[in-house]
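Student: Sharing a structure here in C-alpha coordinates format.
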(Lines give C-alpha, C1' and ligand atoms only; values in the text may rest on other atoms or scores of the structure.)
Protein backbone atom coordinates (compact mmCIF):
# COMPACT_ATOMS: atom_id res chain seq x y z
CA UNK A 1 0.00 0.00 0.00
CA UNK A 2 1.28 3.45 -0.92
CA UNK A 3 0.57 6.92 0.42
CA UNK A 4 -2.82 8.09 -0.85
CA UNK A 5 -4.85 11.26 -0.51
CA UNK A 6 -8.65 11.13 -0.46
CA UNK A 7 -11.00 14.08 -0.14
CA UNK A 8 -13.76 13.89 2.47
CA UNK A 9 -16.72 15.81 1.02
CA UNK A 10 -18.73 18.05 3.32
CA UNK A 11 -21.95 16.44 2.19
CA UNK A 12 -22.03 12.76 1.22
CA UNK A 13 -23.19 12.14 -2.31
CA UNK A 14 -26.85 11.14 -2.09
CA UNK A 15 -27.97 7.95 -3.78
CA UNK A 16 -29.44 8.41 -7.21
CA UNK A 17 -32.87 7.25 -6.05
CA UNK A 18 -32.91 10.02 -3.46
CA UNK A 19 -32.03 12.74 -5.96
CA UNK A 20 -34.56 12.22 -8.76
CA UNK A 21 -37.70 13.96 -9.93
CA UNK A 22 -40.68 12.59 -11.86
CA UNK A 23 -41.48 13.88 -15.36
CA UNK A 24 -44.26 13.20 -17.86
CA UNK A 25 -42.83 11.65 -21.04
CA UNK A 26 -44.18 10.11 -24.22
CA UNK A 27 -42.99 7.81 -26.97
CA UNK A 28 -42.71 9.55 -30.33
CA UNK A 29 -41.89 8.83 -33.95
CA UNK A 30 -38.32 9.86 -34.89
CA UNK A 31 -39.59 12.18 -37.62
CA UNK A 32 -41.50 14.25 -35.04
CA UNK A 33 -38.52 14.82 -32.72
CA UNK A 34 -37.33 18.20 -34.02
CA UNK A 35 -40.86 19.61 -34.29
CA UNK A 36 -41.85 18.56 -30.76
CA UNK A 37 -38.58 19.84 -29.27
CA UNK A 38 -39.16 23.31 -30.76
CA UNK A 39 -42.79 23.47 -29.61
CA UNK A 40 -42.13 22.18 -26.09
CA UNK A 41 -39.16 24.52 -25.65
CA UNK A 42 -41.52 27.43 -26.19
CA UNK A 43 -44.56 26.33 -24.19
CA UNK A 44 -42.85 24.34 -21.40
CA UNK A 45 -39.09 24.88 -21.04
CA UNK A 46 -37.42 22.75 -18.39
CA UNK A 47 -35.77 25.64 -16.55
CA UNK A 48 -34.68 23.61 -13.51
CA UNK A 49 -33.64 20.58 -15.53
CA UNK A 50 -31.32 22.11 -18.11
CA UNK A 51 -28.86 19.28 -17.56
CA UNK A 52 -31.46 16.70 -18.68
CA UNK A 53 -31.71 15.97 -22.39
CA UNK A 54 -35.24 16.34 -23.71
CA UNK A 55 -35.16 13.26 -25.93
CA UNK A 56 -34.02 9.76 -25.02
CA UNK A 57 -33.09 7.12 -27.57
CA UNK A 58 -33.69 3.56 -26.47
CA UNK A 59 -32.66 0.53 -28.51
CA UNK A 60 -35.03 -2.40 -28.44
CA UNK A 61 -34.01 -6.03 -28.56
CA UNK A 62 -34.76 -6.25 -32.27
CA UNK A 63 -32.27 -3.48 -33.04
CA UNK A 64 -34.96 -0.87 -33.68
CA UNK A 65 -34.45 2.41 -31.83
CA UNK A 66 -37.29 4.10 -29.97
CA UNK A 67 -37.50 7.77 -29.00
CA UNK A 68 -39.11 9.25 -25.89
CA UNK A 69 -39.52 12.94 -25.12
CA UNK A 70 -40.07 14.79 -21.84
CA UNK A 71 -43.23 16.90 -21.90
CA UNK A 72 -43.23 18.53 -18.46
CA UNK A 73 -42.73 17.91 -14.76
CA UNK A 74 -45.12 15.46 -13.14
CA UNK A 75 -47.66 16.80 -10.65
CA UNK A 76 -47.86 13.48 -8.85
CA UNK A 77 -51.14 12.41 -10.45
CA UNK A 78 -51.34 8.71 -11.24
CA UNK A 79 -53.23 9.38 -14.47
CA UNK A 80 -50.53 11.92 -15.61
CA UNK A 81 -53.15 13.67 -17.76
CA UNK A 82 -55.35 16.75 -17.37
CA UNK A 83 -52.78 17.97 -14.82
CA UNK A 84 -50.33 19.90 -17.00
CA UNK A 85 -50.46 23.18 -18.97
CA UNK A 86 -53.09 23.64 -21.62
CA UNK A 87 -50.49 24.16 -24.36
CA UNK A 88 -48.86 20.83 -23.50
CA UNK A 89 -52.24 19.12 -23.52
CA UNK A 90 -52.84 20.54 -26.97
CA UNK A 91 -49.61 18.97 -28.23
CA UNK A 92 -50.59 15.63 -26.67
CA UNK A 93 -53.98 15.71 -28.37
CA UNK A 94 -52.58 16.84 -31.72
CA UNK A 95 -50.03 14.04 -32.03
CA UNK A 96 -51.98 11.42 -30.04
CA UNK A 97 -49.09 10.79 -27.67
CA UNK A 98 -49.05 7.92 -25.21
CA UNK A 99 -47.87 9.21 -21.84
CA UNK A 100 -45.86 7.61 -19.04
CA UNK A 101 -44.00 8.72 -15.90
CA UNK A 102 -40.19 8.65 -15.88
CA UNK A 103 -37.53 9.55 -13.35
CA UNK A 104 -34.65 11.90 -14.14
CA UNK A 105 -31.73 13.26 -12.12
CA UNK A 106 -32.65 16.36 -10.13
CA UNK A 107 -29.18 17.94 -10.26
CA UNK A 108 -26.31 17.93 -12.73
CA UNK A 109 -23.53 15.39 -12.24
CA UNK A 110 -20.36 16.41 -10.42
CA UNK A 111 -18.29 13.46 -11.62
CA UNK A 112 -18.11 11.10 -14.55
CA UNK A 113 -19.21 8.19 -12.37
CA UNK A 114 -22.28 10.09 -11.19
CA UNK A 115 -23.10 11.08 -14.77
CA UNK A 116 -22.98 7.45 -15.89
CA UNK A 117 -25.43 6.52 -13.13
CA UNK A 118 -27.78 9.34 -14.14
CA UNK A 119 -27.82 8.25 -17.77
CA UNK A 120 -29.16 4.86 -16.72
CA UNK A 121 -32.43 6.66 -15.88
CA UNK A 122 -32.44 9.37 -18.55
CA UNK A 123 -29.61 10.99 -20.55
CA UNK A 124 -28.05 14.10 -18.97
CA UNK A 125 -25.26 16.49 -19.93
CA UNK A 126 -21.94 16.45 -18.11
CA UNK A 127 -19.47 19.35 -18.16
CA UNK A 128 -16.32 18.50 -16.20
CA UNK A 129 -14.47 21.33 -14.53
CA UNK A 130 -11.42 22.56 -16.45
CA UNK A 131 -9.37 23.48 -13.37
CA UNK A 132 -9.00 20.16 -11.58
CA UNK A 133 -6.73 21.71 -8.95
CA UNK A 134 -9.56 23.94 -7.76
CA UNK A 135 -11.94 20.99 -7.63
CA UNK A 136 -9.54 18.70 -5.78
CA UNK A 137 -8.12 21.40 -3.51
CA UNK A 138 -4.49 20.48 -4.21
CA UNK A 139 -1.95 20.23 -7.01
CA UNK A 140 -0.13 17.09 -8.03
CA UNK A 141 3.24 18.65 -7.29
CA UNK A 142 2.10 19.30 -3.71
CA UNK A 143 1.69 15.62 -2.88
CA UNK A 144 5.31 14.95 -1.80
CA UNK A 145 5.29 17.88 0.64
CA UNK A 146 1.83 16.91 1.92
CA UNK A 147 2.97 13.37 2.65
CA UNK A 148 6.18 14.64 4.28
CA UNK A 149 4.16 16.86 6.61
CA UNK A 150 2.02 13.91 7.63
CA UNK A 151 5.18 11.86 8.23
CA UNK A 152 6.35 14.59 10.58
CA UNK A 153 3.02 14.53 12.41
CA UNK A 154 3.09 10.74 12.79
CA UNK A 155 6.64 10.89 14.13
CA UNK A 156 5.57 13.58 16.61
CA UNK A 157 2.69 11.43 17.82
CA UNK A 158 3.88 9.04 20.50
CA UNK A 159 1.03 8.67 22.98
CA UNK A 160 -1.91 10.58 21.59
CA UNK A 161 -2.70 12.94 18.75
CA UNK A 162 -0.33 15.36 17.07
CA UNK A 163 -0.99 18.52 15.08
CA UNK A 164 1.23 20.51 12.71
CA UNK A 165 0.27 23.86 11.21
CA UNK A 166 1.93 24.56 7.86
CA UNK A 167 2.01 27.57 5.55
CA UNK A 168 1.55 25.89 2.13
CA UNK A 169 2.95 28.89 0.25
CA UNK A 170 6.40 28.34 1.79
CA UNK A 171 6.06 24.82 3.28
CA UNK A 172 7.08 26.36 6.60
CA UNK A 173 5.92 24.76 9.84
CA UNK A 174 4.15 27.49 11.81
CA UNK A 175 3.41 25.49 14.95
CA UNK A 176 3.19 21.92 16.21
CA UNK A 177 1.77 20.27 19.31
CA UNK A 178 0.60 17.04 20.91
CA UNK A 179 -2.25 16.26 23.28
CA UNK A 180 -1.80 17.90 26.69
CA UNK A 181 -4.99 16.78 28.39
CA UNK A 182 -3.27 14.76 31.08
CA UNK A 183 0.06 14.57 32.83
CA UNK A 184 2.38 11.77 31.78
CA UNK A 185 5.18 10.28 33.82
CA UNK A 186 8.36 11.03 31.90
CA UNK A 187 10.19 8.04 33.33
CA UNK A 188 10.58 4.97 31.16
CA UNK A 189 8.80 2.80 33.74
CA UNK A 190 5.91 5.15 34.36
CA UNK A 191 5.15 6.19 30.81
CA UNK A 192 3.46 3.08 29.53
CA UNK A 193 2.79 4.57 26.12
CA UNK A 194 6.04 6.40 25.51
CA UNK A 195 6.36 4.66 22.14
CA UNK A 196 3.94 3.35 19.59
CA UNK A 197 5.02 -0.21 19.07
CA UNK A 198 4.26 -2.27 16.01
CA UNK A 199 1.92 -4.60 17.86
CA UNK A 200 -0.11 -1.61 19.08
CA UNK A 201 -0.56 -0.21 15.59
CA UNK A 202 -3.81 -1.18 13.92
CA UNK A 203 -3.57 -2.80 10.54
CA UNK A 204 -5.04 -0.78 7.71
CA UNK A 205 -6.36 -4.07 6.36
CA UNK A 206 -8.64 -4.25 9.40
CA UNK A 207 -10.38 -1.02 8.42
CA UNK A 208 -13.82 -0.99 6.88
CA UNK A 209 -15.57 1.15 4.31
CA UNK A 210 -18.85 2.85 5.11
CA UNK A 211 -20.49 5.42 2.83
CA UNK A 212 -17.16 5.84 1.07
CA UNK A 213 -15.33 6.70 4.29
CA UNK A 214 -12.72 4.67 6.11
CA UNK A 215 -13.42 3.83 9.73
CA UNK A 216 -11.76 1.48 12.17
CA UNK A 217 -13.26 -1.89 12.93
CA UNK A 218 -13.89 -3.01 16.50
CA UNK A 219 -11.02 -5.50 16.28
CA UNK A 220 -8.71 -2.77 15.09
CA UNK A 221 -9.77 -0.47 17.94
CA UNK A 222 -9.19 -3.27 20.41
CA UNK A 223 -5.79 -4.07 18.97
CA UNK A 224 -4.48 -0.51 19.31
CA UNK A 225 -6.52 0.25 22.42
CA UNK A 226 -3.52 1.50 24.38
CA UNK A 227 -2.68 4.04 21.68
CA UNK A 228 -5.99 5.48 20.60
CA UNK A 229 -7.39 5.69 24.14
CA UNK A 230 -4.65 8.25 24.75
CA UNK A 231 -6.06 10.37 21.89
CA UNK A 232 -8.09 13.17 23.44
CA UNK A 233 -10.42 13.54 20.46
CA UNK A 234 -11.36 9.86 20.69
CA UNK A 235 -11.55 9.64 24.48
CA UNK A 236 -12.39 13.15 25.81
CA UNK A 237 -12.71 11.81 29.36
CA UNK A 238 -9.43 9.92 29.33
CA UNK A 239 -7.81 12.67 31.38
CA UNK A 240 -9.77 11.50 34.45
CA UNK A 241 -7.64 8.38 34.66
CA UNK A 242 -3.91 8.37 35.17
CA UNK A 243 -2.35 6.15 32.49
CA UNK A 244 0.57 4.92 34.51
CA UNK A 245 1.24 1.68 36.30
CA UNK A 246 0.86 3.31 39.72
CA UNK A 247 -2.54 4.84 38.80
CA UNK A 248 -1.89 7.93 40.91
CA UNK A 249 -4.42 10.79 40.79
CA UNK A 250 -3.55 13.60 38.44
CA UNK A 251 -1.95 16.59 40.17
CA UNK A 252 -2.98 20.08 39.08
CA UNK A 253 -0.11 22.20 37.83
CA UNK A 254 0.05 25.96 37.41
CA UNK A 255 -0.19 27.76 34.07
CA UNK A 256 -2.23 24.95 32.53
CA UNK A 257 0.64 22.57 31.78
CA UNK A 258 -2.18 20.10 31.17
CA UNK A 259 -5.91 20.67 30.85
CA UNK A 260 -8.95 18.61 29.69
CA UNK A 261 -9.44 20.89 26.68
CA UNK A 262 -5.83 20.99 25.54
CA UNK A 263 -6.28 18.71 22.54
CA UNK A 264 -3.46 18.71 20.01
CA UNK A 265 -5.27 21.01 17.57
CA UNK A 266 -6.11 23.51 20.33
CA UNK A 267 -2.51 23.61 21.58
CA UNK A 268 -1.16 24.03 18.04
CA UNK A 269 -3.49 27.00 17.49
CA UNK A 270 -2.32 28.51 20.76
CA UNK A 271 1.31 28.06 19.72
CA UNK A 272 0.60 29.71 16.36
CA UNK A 273 -0.96 32.68 18.16
CA UNK A 274 2.06 32.94 20.46
CA UNK A 275 4.32 32.94 17.40
CA UNK A 276 2.34 35.86 15.96
CA UNK A 277 2.64 37.80 19.20
CA UNK A 278 6.42 37.37 19.17
CA UNK A 279 6.81 38.26 15.50
CA UNK A 280 4.38 41.21 15.62
CA UNK A 281 4.67 42.74 19.11
CA UNK A 282 2.30 45.50 20.17
CA UNK A 283 1.83 47.81 23.13
CA UNK A 284 -1.53 46.32 24.08
CA UNK A 285 -1.88 44.64 27.44
CA UNK A 286 -2.26 40.87 27.61
CA UNK A 287 -3.98 38.90 30.36
CA UNK A 288 -2.09 35.81 31.48
CA UNK A 289 -2.15 33.54 34.52
CA UNK A 290 0.69 34.06 36.99
CA UNK A 291 2.54 31.37 38.91
CA UNK A 292 -0.27 31.24 41.47
CA UNK A 293 -2.92 30.67 38.83
CA UNK A 294 -4.39 34.20 39.15
CA UNK A 295 -4.98 36.34 36.07
CA UNK A 296 -2.85 39.47 35.72
CA UNK A 297 -2.42 42.11 33.03
CA UNK A 298 1.00 42.27 31.36
CA UNK A 299 1.94 45.29 29.32
CA UNK A 300 4.05 44.79 26.24
CA UNK A 301 6.53 47.64 26.00
CA UNK A 302 7.48 46.93 22.40
CA UNK A 303 6.74 49.73 19.90
CA UNK A 304 3.09 49.89 18.98
CA UNK A 305 2.16 48.53 15.59
CA UNK A 306 0.53 50.65 12.92
CA UNK A 307 -3.17 50.96 13.56
CA UNK A 308 -5.66 49.62 11.05
CA UNK A 309 -7.68 52.85 11.09
CA UNK A 310 -6.59 56.11 9.53
CA UNK A 311 -4.88 58.50 11.94
CA UNK A 312 -7.45 61.18 11.16
CA UNK A 313 -10.27 58.94 12.23
CA UNK A 314 -10.75 59.21 15.98
CA UNK A 315 -13.19 56.36 16.28
CA UNK A 316 -11.89 52.84 16.71
CA UNK A 317 -13.79 49.63 17.33
CA UNK A 318 -13.00 47.30 20.21
CA UNK A 319 -11.80 44.61 17.82
CA UNK A 320 -9.36 47.00 16.13
CA UNK A 321 -8.03 48.13 19.47
CA UNK A 322 -7.35 44.55 20.53
CA UNK A 323 -5.88 43.36 17.26
CA UNK A 324 -3.49 46.25 16.71
CA UNK A 325 -2.43 46.55 13.07
CA UNK A 326 -4.23 43.93 11.05
CA UNK A 327 -3.43 46.16 8.06
CA UNK A 328 0.18 44.97 8.21
CA UNK A 329 0.41 42.86 5.03
CA UNK A 330 3.07 40.62 6.56
CA UNK A 331 0.91 39.63 9.53
CA UNK A 332 -1.41 36.66 9.01
CA UNK A 333 -5.00 36.96 10.16
CA UNK A 334 -5.38 34.03 12.54
CA UNK A 335 -4.49 30.91 10.49
CA UNK A 336 -6.03 32.06 7.22
CA UNK A 337 -4.69 30.06 4.29
CA UNK A 338 -2.77 27.62 6.49
CA UNK A 339 -3.00 23.82 6.50
CA UNK A 340 -3.19 21.63 9.58
CA UNK A 341 -2.09 18.00 9.74
CA UNK A 342 -3.59 15.76 12.42
CA UNK A 343 -2.74 12.14 13.04
CA UNK A 344 -6.30 11.47 14.23
CA UNK A 345 -9.53 13.03 12.95
CA UNK A 346 -10.55 15.92 15.24
CA UNK A 347 -13.60 16.03 17.48
CA UNK A 348 -16.32 18.67 17.14
CA UNK A 349 -14.60 21.10 19.50
CA UNK A 350 -11.35 21.00 17.56
CA UNK A 351 -13.11 21.07 14.18
CA UNK A 352 -14.99 24.25 15.17
CA UNK A 353 -11.74 25.80 16.39
CA UNK A 354 -10.32 25.16 12.92
CA UNK A 355 -13.31 26.98 11.43
CA UNK A 356 -12.79 30.01 13.67
CA UNK A 357 -9.09 30.08 12.77
CA UNK A 358 -9.89 30.16 9.01
CA UNK A 359 -7.78 27.16 8.00
CA UNK A 360 -7.69 26.37 4.30
CA UNK A 361 -7.20 22.59 4.41
CA UNK A 362 -7.32 19.88 7.07
CA UNK A 363 -5.43 16.60 6.66
CA UNK A 364 -5.72 13.61 8.97
CA UNK A 365 -4.47 10.03 8.83
CA UNK A 366 -6.80 7.97 11.01
CA UNK A 367 -10.60 8.31 11.20
CA UNK A 368 -12.24 8.89 14.57
CA UNK A 369 -15.24 6.51 14.71
CA UNK A 370 -16.38 7.78 18.13
CA UNK A 371 -16.40 11.60 18.04
CA UNK A 372 -15.04 12.35 14.56
CA UNK A 373 -16.42 15.64 13.20
CA UNK A 374 -14.95 15.53 9.68
CA UNK A 375 -16.31 12.31 8.22
CA UNK A 376 -16.07 9.73 11.00
CA UNK A 377 -19.39 10.58 12.66
CA UNK A 378 -20.31 14.11 11.58
CA UNK A 379 -19.45 16.30 8.59
CA UNK A 380 -19.13 19.69 10.20
CA UNK A 381 -17.22 21.13 7.23
CA UNK A 382 -20.39 20.75 5.14
CA UNK A 383 -22.57 22.81 7.47
CA UNK A 384 -23.96 25.67 5.38
CA UNK A 385 -24.61 27.97 8.34
CA UNK A 386 -20.87 28.34 9.04
CA UNK A 387 -19.21 31.54 7.88
CA UNK A 388 -16.08 29.65 6.81
CA UNK A 389 -15.46 26.23 5.33
CA UNK A 390 -12.27 24.33 4.70
CA UNK A 391 -11.39 21.31 2.59
CA UNK A 392 -10.80 18.01 4.37
CA UNK A 393 -8.53 15.19 3.19
CA UNK A 394 -7.66 11.79 4.61
CA UNK A 395 -4.12 10.51 4.08
CA UNK A 396 -3.76 6.75 3.98
CA UNK A 397 -0.48 5.92 5.72
CA UNK A 398 1.21 2.69 4.58
CA UNK A 399 1.29 0.02 7.25
CA UNK A 400 4.95 -0.58 6.50
CA UNK A 401 5.71 3.01 7.52
CA UNK A 402 3.80 2.64 10.81
CA UNK A 403 5.60 -0.60 11.63
CA UNK A 404 8.97 0.74 10.56
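The values are calculated or read from the model by the stated rules, or taken from the named source; none is laboratory data. What you are looking at is a predicted structure, and each value in this text was computed from that prediction instead of being measured. Because the Cβ atoms are built from the backbone with ideal geometry, glycine has one as well, and the counts that use them run over all protein chains shown.
Student: Regarding region 34-41, can at least one residue be identified that is surrounded by 12 or more Cβ atoms within 10 Å (Cβ to Cβ) and at pLDDT below 90?
Tutor: No, because not a single residue in region 34-41 is surrounded by 12 or more Cβ atoms within 10 Å (Cβ to Cβ) and at pLDDT below 90.
Student: Do you know which of the residues in region 48-80 that are within 21 Å of residue 32 (Cα to Cα) and modelled with pLDDT under 80 is surrounded by the fewest Cβ atoms within 10 Å (Cβ to Cβ)?
Tutor: Going through the qualifying residues, I end up with 63.
Student: Within region 158-174, how many residues turn out to be closer than 21 Å to residue 260 by Cβ, surrounded by fewer than 24 Cβ atoms within 10 Å (Cβ to Cβ) and either touching a residue at least 40 places away in the same chain (Cβ under 8 Å) or outside the structural domain of residue 234 (by TED's automatic domain parsing) (or both)?
Tutor: 1
Student: Could you please tell me which pairs satisfy a Cβ distance under 6 Å, a separation of 6+ or placement on different chains, a first residue in region 1-24 that is in the same structural domain as residue 72 (by TED's automatic domain parsing) and part of a loop (DSSP other than H, G, I, E, B), and a second residue that is surrounded by fewer than 14 Cβ atoms within 10 Å (Cβ to Cβ) and modelled with pLDDT under 85?
Tutor: Listed by first residue and then by second, the contacts come to nothing, as the list is empty.
So that you can scan it fast, the table gives a plain yes or no per residue for (1) touching a helix residue (DSSP H, G or I) at 6+ places or on another chain (Cβ under 6 Å); (2) at pLDDT 90 or above; (3) outside any loop (DSSP other than H, G, I, E, B):
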position: 287; (1), (2), (3): no, no, yes
position: 292; (1), (2), (3): no, no, no
position: 340; (1), (2), (3): no, yes, yes
position: 372; (1), (2), (3): no, yes, no
position: 401; (1), (2), (3): no, no, yes
